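Everything below concerns the one structure shown next.
Just so it is clear, none of the values below were taken in a lab; they were calculated from the coordinates. None of the values given here were measured: they were computed from a predicted structure. Reconstructed Cβ throughout: ideal geometry from the backbone, glycine too, with neighbour counts over all protein chains shown.
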Amino acid sequence: MASKLALEKSAQAWCTPETKKIIMNPVLAKAFAGILDEVWSKPWLGNATTAELLTEVMARCELNGTLDYRTVDL
């Protein structure tokens, strides 16, 4: 089953100026929402939860031995 967010985003496809006169197809909207969920779950897209991000930063700090971890050099 698709997430609520994916269903909402999928339904927005029928809310643009170009598409608002097209009758919404619920089956198509649900299928697209499922695809969105698949794509959003890919780690390379950086869609980590806050807990996942904190766990990653903590692990990197432990490896580095410092709490001054930065994602970019200054």
Three semi-axes of the equivalent ellipsoid, the stretch 1-41, Cα gyration tensor, whole Å, largest first: 19, 10, 7
Peptides 5-14, 48-57 ordered by average Cβ neighbours within 10 Å, highest first: 5-14, 48-57
Sequence-distant lysines (8 or more away, or on other chains) whose Cα lies within less than 24 Å of LYS42: LYS4, LYS9, LYS30
For the stretch 1-41, with +1 on Lys and Arg beta carbons and -1 on Asp and Glu, the positive-most of PHE32, PRO17, LEU7 along the dipole: PRO17
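Relative contact order of the stretch 1-41: what whole-number percent is it, with Cα pairs under 8 angstrom and at least 6 residues apart? Kindly include the intermediate steps, with their values, before the conclusion.
Numbers: 28 pairs, mean separation 22.4, N = 41.
Over the stretch 1-41, the number comes to 55 percent.
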Table column - 3J(HN,Hα) (Hz), the stretch 25-40, Karplus curve with 6.51, -1.76, 1.60, x for Gly and Pro: 10, x, 5, 5, 4, 5, 5, 5, 4, x, 5, 4, 4, 4, 5, 5
